[in-house]
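K.L.:
Let me begin by handing over the structure; questions about it come next.
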Amino acid sequence: MPKSWLITGTSSGFGRELTDLLLARGDTVAATLRKPGALDDLKAIHGDRLWVGYADVTDTAALRKVVDDAFTALGHVDFAVSNAGYGLFGGAEEVSDDQIRRQIDTNVIGSVQFARAVLPHFRNQESGHFFQIASALGQSAIPFASLYGLSKWAVEGFFEALAQEVASLGIKVTIVEPGGAKTDFGTRSGDLAPALDAYANTPVGYIRTHMASMADAAKGDPRKMAQAIIDVSERPESPLRLALGSDAYEQITTALRQRFE
């Protein structure tokens with residue numbers, strides 16, 4: 001039986017791949033994004049099975065309205081995917097106050113407020129499955145991504161607690177932890193802090209110098225990752241966490257092991 005989905009951050013990358021796969025298999029998608037026209041090609045193909053709403057997740061009032069409108073339009077939503085995100089890269093001393101604020105507002109506050117907007121509808125349905133796109137960096141840490149990692153650690157903690165709060169209400173939560181993937185996330189949705197010379201010969205400087213080649217070496221296929229979420233959505237019992245990619249699994253298990261050494 002076809003299912004219905006509500007997904008944020010669908011203009012490109014992982015969110016678009018997931019939207020495309022779901023529509024191709026006959027599901028209905030309410031897709032939210034900031035960029036008008038980004039899904040016009042999919043709308044032309046799939047018509048009424050794709051509902052498009054425009055909102056910035058940092059605008060809580062607009063976000064709540066688009067979520068309410070999506071549930072009204074679809075009537076029932078089986079799965080909500082919080083995918084909108086912003087990547088801030090650079091040393092902790094290199095990033096600006098405004099960049100830090102945007103990182104937290106988008107990845108943390110935006111994710112929390114999306115969940116809070118969806119939850120009343122899921123409660124009324126007495127069902128629903130929430131997928132939060134986090135990162136392998138929500139369980140581990142690397143230089144040059146200290147603020148990005150901060151945001152992912154925060155959402156991991158919030159959604160682990162939320163899962164316990166809503167389980168008895170018939171609502172499921174899965175935290176998705178992708179590893180490196182071949183998307184344009186770093187350039188499209190990312191921000192690179194200006195370099196400080198003092199960090200040139202530190203791990204921060206090394207990663208800055210090699211970040212392009214490291215991105216090119218990313219092994220993850222975003223389409224396969226999107227399919228993995230669909231596969232999990234069909235299970236009667238779903239995991240709290242879903243690591244996607246061999247690098248994510250290795251990175252997370254290594255970090256967990258080192259905490260106890």
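The values are calculated or read from the model by the stated rules, or taken from the named source; none is laboratory data. Since this is a predicted model, take the numbers as computed values, not measurements. Backbone-built Cβ (ideal geometry, glycine too); neighbour counts: all protein chains shown.
K.L.:
I'd like the residue in the range 140-189 that is polar (S, T, N, Q) and modelled with pLDDT of 95 or more and, out of all such residues, is surrounded by the fewest Cβ atoms within 10 Å (Cβ to Cβ).
P.N.:
Of everything passing the filter in the range 140-189, SER168 is surrounded by the fewest Cβ atoms within 10 Å (Cβ to Cβ).
K.L.:
Filter the range 57-74 for residues that are without any contact (Cβ under 8 Å) to a residue 40 or more places away in the chain and of a type outside the set (S, T, N, Q); which is farthest from GLY149 (Cα to Cα)? Walk me through how you get there before you give the answer.
P.N.:
Filtering the range 57-74 for residues without any contact (Cβ under 8 Å) to a residue 40 or more places away in the chain gives 59, 61-62, 65-66, 69, 72.
Restricting the remaining residues to those that are of a type outside the set (S, T, N, Q) gives 59, 61-62, 65-66, 69.
Values: ASP59: 22, ALA61: 27, ALA62: 27, LYS65: 29, VAL66: 28, ASP69: 32 Å.
The residue in question is ASP69.
K.L.:
Scan ILE104, ILE100 and give me the residue that is under 16 Å from the mean Cα position of the chain (by Cα), without any contact (Cβ under 8 Å) to a residue 60 or more places away in the chain and within 25 Å of ALA61 (Cα to Cα).
P.N.:
Values: ILE100 fails: under 16 Å from the mean Cα position of the chain (by Cα).
Result: ILE104 is the single residue among ILE104, ILE100 that is under 16 Å from the mean Cα position of the chain (by Cα), without any contact (Cβ under 8 Å) to a residue 60 or more places away in the chain and within 25 Å of ALA61 (Cα to Cα).
K.L.:
Could you please find all residues in the range 56-76 being under 23 Å from LYS3 (Cα atoms) and small (Gly, Ala, Ser)? Give the derivation first.
P.N.:
Step one: list which residues in the range 56-76 are under 23 Å from LYS3 (Cα atoms), which gives 63-76.
Correct list: ALA70, ALA73, GLY75.
K.L.:
Of the residues LEU256, LEU242, which single one is assigned to a strand (DSSP E or B) and at pLDDT 90 or above?
P.N.:
Only one candidate passes the filter, namely LEU242.
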